[in-house]
Amino acid sequence: MKNIYNDTITAISSGNINQAISIIRISGPEAIEIIKKIYTGKIGKDKEITYGYIFDPLNNKKIDEVLVNFFIGNKNYIGEDTIEINAHGGIIVTNKILNLIIANGARLATRGEFSKRAFLNGKISLEKAEAINSLIHAKTNIQAEIAIKQFDDKDNEIIEKLEEELLRIISIIEINIDYSDYNDIEQMNTTKLITLINNLKNDINLIVKKSENASDVYNGIKVAIVGQPNAGKSSILNILLGKEKAIVTDVAGTTRDIVEGDYELNGILFKIIDTAGIRKTTDKVESIGIERSIKAIEEAKIVIHLITPTQKESNEDNLIKDLSKNKIYIPVLNKSDQLSEENKEKYKNFVWTSAKNNNTWELKNALIKNYLDLDYEDPELIYNTRRLGLLKQSVNELNVALESLMNGFGPEVVILDINKAWTILREILNKEHDNETLLDNMFSKFCLGK
């Protein structure tokens, strides 16, 4: 594919930190001309490494001893002339080289621009570009494994099967509309169409549900710790994180804003949020904190609802339960060390913790148990957020079709909604709406000789 850029970009690809070796990348039509101006070594051929010095042409002063990798032409990651300078990794030296490259004709690359060029030059798919970004930002081993799985084309195989089934349904409807006089075609009526669409919709929904659970693991599972003031929310957060992240006092309403931290358990990342205690208050600042607590519950995947033996259930506790519907809800009795013997039966269905005794093992088990059985090797898992979003859109169109059928409309009407769902699946696969594909599929169902 012909390079579409006229400018040359540069950036530090290895991170702007002190390290043993730094890599400064130059990419674009002027990359070779720029390196000629500042490098004493041989200008290499494609995939050749040469040795020399980077120098400032204004005063002929050497800046660093380097190895330079040459990737000439479009048969490389980016799809255009690219040069990588391997320099000694000090921040000062690395930035001197970067500034020298810019002074000689390059501009500083924007975030992700090298990968963007690789995508626009036809070297990587959008999904692979997103997978690269996922791998770079992985914080746990499981996250890294999930990111690596996105490099293969398994997603395409899953979606192609769904697309083929939907194409089959569309073809049968079209044949029944246009060639209803033929006796040897598969007949379609409303009852049969409802069954076929429901089966396909259930297949897609199962893939989406499994994939969203697995994607939560990659993105970090949002957990909101909520409850009345002084239930011990901040203490539990600090114990899980292993550091004093939140202020802990006996004064109710101490936490007035969201406090967050990452917690890893069994290779799974939880993004834990300590919220302001939910209660009625006239304090304006505390009220804002409570509003943010409610929003945190709405956005969380898991809600840890803390109560204590001395607290009575309030309207606010009922609000928390209502907001936690369709989420993983974990009722937790904190300060369980204060629980009297006669009240133990009352809290038998709660997870027990004691911040005072540093006892959170039951809570840790409750957090992890919903993710222990996830099969990351399941071939029907899709981790790409864009693809999952489009799959949901296709389900929405199928639901519209089903609703129309239930309201008495025939297949000849709902074919429009079903076609929209098919177009969305083809969009996931980067295919255009193809009437020829539809026609081929339709007429392949006719008897030989027709």
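The values are calculated or read from the model by the stated rules, or taken from the named source; none is laboratory data. The structure displayed is predicted, hence computed values, not measured ones. Here the Cβ is made from the backbone with ideal geometry for all residues, glycine too, and neighbour counts use every protein chain on show. Just so you know, the surface numbers come from the protein's heavy atoms only, side chains and all, with ligands and any DNA or RNA stripped out. Shrake-Rupley method; radii C 1.70, N 1.55, O 1.52, S 1.80 Å.
The residues of the range 91-102 that are in contact with an Asp or Glu (Cβ under 9 Å, 6 or more places away or on another chain) and either more than 9 Å from Ile24 (Cα to Cα) or among the basic types (Lys, Arg) (or both), listed by number, are Val93, Lys96, Leu100. The set of residues in the range 110-124 that are under 21 Å from the mean Cα position of the chain (by Cα) and of a type in the set (Val, Ile, Thr) contains only Ile124. Listed here are the helices (runs of 4 or more DSSP H) enclosed by the range 319-434 that have at least 3 residues being closer than 30 Å to Thr191 by Cβ and not basic (Lys, Arg): 385-406, 411-428. Could you figure out which of (1) within 30 Å of Lys271 (Cα to Cα); (2) among the hydroxyl-bearing types (Ser, Thr, Tyr); (3) open to solvent by less than 60 Å² (accessible area, probe 1.4 Å) isn't true of Thr50? Only one criterion in (1) within 30 Å of Lys271 (Cα to Cα); (2) among the hydroxyl-bearing types (Ser, Thr, Tyr); (3) open to solvent by less than 60 Å² (accessible area, probe 1.4 Å) is unmet by Thr50, namely (1). Taking the range 19-117 and the strands (runs of 3 or more DSSP E) fully enclosed by it, the elements with 3 or more residues that are free of Cβ contacts under 8 Å to residues at least 60 places away in the same chain and not acidic (Asp, Glu) are at 48-56, 61-71. Determine whether the range 11-25 contains at least one residue that is modelled with pLDDT of 95 or more, among the hydroxyl-bearing types (Ser, Thr, Tyr) and open to solvent by 40 Å² or more (accessible area, probe 1.4 Å). Within the range 11-25, none of the residues are modelled with pLDDT of 95 or more, among the hydroxyl-bearing types (Ser, Thr, Tyr) and open to solvent by 40 Å² or more (accessible area, probe 1.4 Å). Taken over the range 199-209, the criterion of being among the basic types (Lys, Arg) and open to solvent by 50 Å² or more (accessible area, probe 1.4 Å) is satisfied by Lys209 alone. When the range 408-426 is filtered for residues that are among the aromatic types (Phe, Trp, Tyr) and open to solvent by less than 10 Å² (accessible area, probe 1.4 Å), only Trp422 remains. So which residues in the range 118-134 are part of a helix (DSSP H, G or I) and closer than 21 Å to Ile34 by Cβ, if there are any at all? Answer for the range 118-134, where residues must be part of a helix (DSSP H, G or I) and closer than 21 Å to Ile34 by Cβ: just Ala118. Of the residues making up the range 221-232, those that are modelled with pLDDT under 85 and open to solvent by less than 10 Å² (accessible area, probe 1.4 Å) are Gly227, Ala231.
For the range 338-395, a residue qualifies if it is polar (S, T, N, Q), under 26 Å from the mean Cα position of the chain (by Cα) and surrounded by 13 or more Cβ atoms within 10 Å (Cβ to Cβ), and the qualifying residues are Asn370, Asn384, Thr385, Gln393, Ser394.
Within the range 390-409, the set of residues being of a type in the set (Gly, Ala, Ser), touching a residue at least 24 places away in the same chain (Cβ under 8 Å) and farther than 14 Å from Thr195 by Cα comprises just one member, Ser394.
Evaluate the range 52-75: report whether one residue or more is closer than 20 Å to Phe119 by Cβ, of a type in the set (Val, Ile, Thr) and at pLDDT 90 or above. No; the residues of the range 52-75 include none that is closer than 20 Å to Phe119 by Cβ, of a type in the set (Val, Ile, Thr) and at pLDDT 90 or above. Residues that are in contact (Cβ under 8 Å) with a residue 60 or more places away in the chain, within 22 Å of Gly220 (Cβ to Cβ) and basic (Lys, Arg) within the range 291-349 comprise just one, Lys301. Just one of (1) in a loop (DSSP other than H, G, I, E, B); (2) at pLDDT below 85; (3) surrounded by fewer than 23 Cβ atoms within 10 Å (Cβ to Cβ) fails for Ile294. It is (1).
Table: residues versus (1) at pLDDT 85 or above; (2) farther than 25 Å from Ala224 by Cα; (3) touching a Pro at 6+ places or on another chain (Cβ under 6 Å); (4) of a type outside the set (A, V, I, L, M, F, W, C).
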site	(1), (2), (3), (4)
Ile302	yes, no, no, no
Thr310	no, no, no, yes
Asn318	no, no, no, yes
Asp322	no, no, no, yes
Gln338	yes, no, yes, yes
Asn349	yes, no, no, yes
Leu374	no, no, no, no
Lys392	yes, yes, no, yes
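Of all the listed residues (Val395, Val351), the sole one being among the β-branched types (Val, Ile, Thr) and under 27 Å from Ile173 (Cα atoms) is Val395.
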